[in-house]
Structure formats: C-alpha cells, structure tokens
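Q: Encoded as structure tokens, here's the structure I'll be asking about.
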Amino acid sequence: MRKNIFTLGLALLFAVVLGGCGSPSGMDHNADDVAFAQQMVPHHSQALDMAKLVPSRSTNPKVLDLASRIEKAQDPEIQQMQGWLTTWGAGMPGMTHGSMPGMMPDADMRKLEAAKGPEFDRMWLDMMVEHHQGAIDMANTELAKGGNADAKALARKIIDAQQAEITEMRSLR
C-alpha cells in the first residue's frame with residue numbers, strides 16, 4: 001500500500017512539475033518575433049501619420065477611402081504588437097527611420113506635408129507603395145524566422161492586406 005501511495009505521489013509531483021514547464025498560449029517567442037514587433041510598431045505608426053495627412057490634402061475619394069482603411073487596419077495591429085512586447089518583457093528601442101525597410105526619411109515626410117491636391121495624391125501613393133513594400137519585407141522575415149504563431153499569423157495578414165493595397169495604389173496613380 002505504501003508503495004502505491006509513494007508511486008501516486010511521485011506521479012502527481014511529475015505532473016505538477018511538467019505542467020509548470022509549459023508556456024501560456026502566445027508566450028512562446030524568439031528574438032525575431034521581438035524584432036518584428038519592435039520594428040513594425042514604428043513602421044505602422046508612420047503609415048498612420050501618412051494616412052492622417054490625406055483628409056486635409058486630398059479631394060480624391062479613392063485616396064481618402066484607402067487612407068481611412070489603412071488607419072482602421074493598422075491602429076489595432078499596433079495595439080496588438082505593443083501588447084506582445086509587454087507580455088514578452090521587451091521594450092521599444094530607439095530607431096531611426098533609415099533602420100527599417102520602407103520608412104520615409106524626415107525630408108520626404110516634410111515634402112509630403114507641404115503638398116496638396118493631385119501632387120499630394122501622387123506623392124502619397126508613391127511613398128505608401130514603398131512603405132508597404134518595406135512592411136511586406138519585414139513580415140516575410142517574420143514568417144521565415146519567427147517562432148510565435150500569433151506574430152506569424154499577423155505577418156501573413158500584413159502581407160496579404162498590404163500587397164492588395166499596393167495593387168490598388170498602383171491603379172490610382
């Protein structure tokens with residue numbers, strides 16, 4: 001009887017110890033997942049800054065609609081990635097615009113801010129195509145090297161959405 005109780009106790013101990021070794025869903029991640037979120041947050045933030053310029057500078061309903069959709073899609077993605085970084089215990093390092101694919105230099109952003117009408121539309125579409133291509137490049141890196149299933153799912157979503165938007169933007173030029 002004592003042997004059975006000892007064996008049962010040992011089995012329970014193993015179950016508790018091994019149960020503690022698992023990670024909560026969404027917690028498994030690697031350095032590439034962290035880098036993806038740390039880079040994509042400011043990248044998406046710049047896209048939001050660019051989209052917010054549209055209502056005061058464009059009268060093209062298709063450009064206005066696209067900018068609105070970009071804002072609605074990317075703002076929640078920023079919140080999601082910031083949540084991951086908090087959960088993962090990772091901060092946001094300071095980055096320059098030149099350190100990420102597709103980021104617009106400050107001088108280009110100033111030119112965009114100064115433009116209006118059809119000139120603005122052309123510049124905005126050209127810059128946003130380049131910006132989206134940079135996001136697609138970063139998302140492809142996440143798919144190739146990332147380990148977190150949620151981050152990889154977001155990367156796939158970004159690729160699909162932004163490739164479709166690039167096609168749309170090219171048709172509007």
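Q: Among the residues of segment 154-164, is any of a type in the set (S, T, N, Q), closer than 20 Å to Asp65 by Cβ and in a helix (DSSP H, G or I)?
A: Here is the first cut: in segment 154-164, the ones of a type in the set (S, T, N, Q) are 162-163.
Next, only the ones that are closer than 20 Å to Asp65 by Cβ stay: 162-163.
Within this subset, residues satisfying the condition of being in a helix (DSSP H, G or I) are 162-163.
Yes, some residue in segment 154-164 is of a type in the set (S, T, N, Q), closer than 20 Å to Asp65 by Cβ and in a helix (DSSP H, G or I).
Q: Test Asp33 against the criterion of being of a type in the set (Asp, Glu), at negative phi and not in a helix (DSSP H, G or I), and give yes or no. Step through it out loud before you land on a result.
A: Working: of a type in the set (Asp, Glu): yes; at negative phi: yes; not in a helix (DSSP H, G or I): no.
Taking the combined requirement at face value, the residue does not satisfy it.
Q: For segment 131-148, check the following and say yes or no: at least one residue is among the hydroxyl-bearing types (Ser, Thr, Tyr) and touching a residue at least 40 places away in the same chain (Cβ under 8 Å).
A: Taking segment 131-148 first, the residues among the hydroxyl-bearing types (Ser, Thr, Tyr) are 141.
Add one more test, that the residue is touching a residue at least 40 places away in the same chain (Cβ under 8 Å), and what stays is 141.
Checking segment 131-148: at least one residue is among the hydroxyl-bearing types (Ser, Thr, Tyr) and touching a residue at least 40 places away in the same chain (Cβ under 8 Å).
Q: On to the next question. Could you tell me whether segment 102-113 includes any residue that is exposed (fewer than 14 other Cβ atoms within 10 Å of the Cβ) and under 15 Å from Ser45 (Cα atoms)?
A: Among the residues of segment 102-113, at least one is exposed (fewer than 14 other Cβ atoms within 10 Å of the Cβ) and under 15 Å from Ser45 (Cα atoms), which makes the answer yes.
Q: Which of the residues belonging to segment 52-68 are touching a residue at least 60 places away in the same chain (Cβ under 8 Å) and crowded, with 16+ Cβ neighbours inside 10 Å?
A: Quick first cut of segment 52-68, residues touching a residue at least 60 places away in the same chain (Cβ under 8 Å) only: 53-54, 57-58, 60, 62-63, 66.
Across segment 52-68, the qualifying residues are Leu53, Val54, Arg57, Ser58, Asn60, Val63, Leu66.
Q: Could you please give the count of residues in segment 60-105 that are modelled with pLDDT of 90 or more and assigned to a helix (DSSP H, G or I)?
A: Of the residues in that region, 27 qualify.
The values are calculated or read from the model by the stated rules, or taken from the named source; none is laboratory data. Note that the structure is a prediction, hence the values are computed from the model and not measured. We place every Cβ from the backbone using ideal geometry, glycine too, and count neighbours over all the protein chains shown.
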